[in-house]
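The values are calculated or read from the model by the stated rules, or taken from the named source; none is laboratory data. Since we're looking at a predicted model, the values are computed, not measured. FYI the Cβ positions are ideal-geometry reconstructions off the backbone, even for glycines, and counts take in every protein chain you see.
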Amino acid sequence: MSADDIAGMFTDELTCTERFRQLKKEMISEPRYMSAEQALLVAESYWQHADEPWILQRAKVFAHVAKHIRIKIDPAEIIERTEYGAQEFKSMPG
């Protein structure tokens, strides 16, 4: 299945902009990997919650990584953090 096929899944029945379709296609076509930063955060969370059921461990890993990982904002994205940590919207292209 190609990135175009995957990008079209679940969005054909919705009204999506071409910008959204392109961002989704780019995201899906990128190779998946775990960064060193993400691996450290995952390991740290598993160590902190080693005595809990695996389903809770996985949920807490997700929460820990989401809270602590650095976020990359690409130029085509319209939401970014301000210096105060709040979110603001960029003007939408054309």
Within segment 16-60, work out how many residues are farther than 23 Å from Asp74 by Cα and at pLDDT below 85. 0
In segment 36-80, residue nearest to the chain's Cα centre (by Cα) [restricted to those that are farther than 30 Å from Glu18 by Cβ and among the small types (Gly, Ala, Ser)]: Ala63
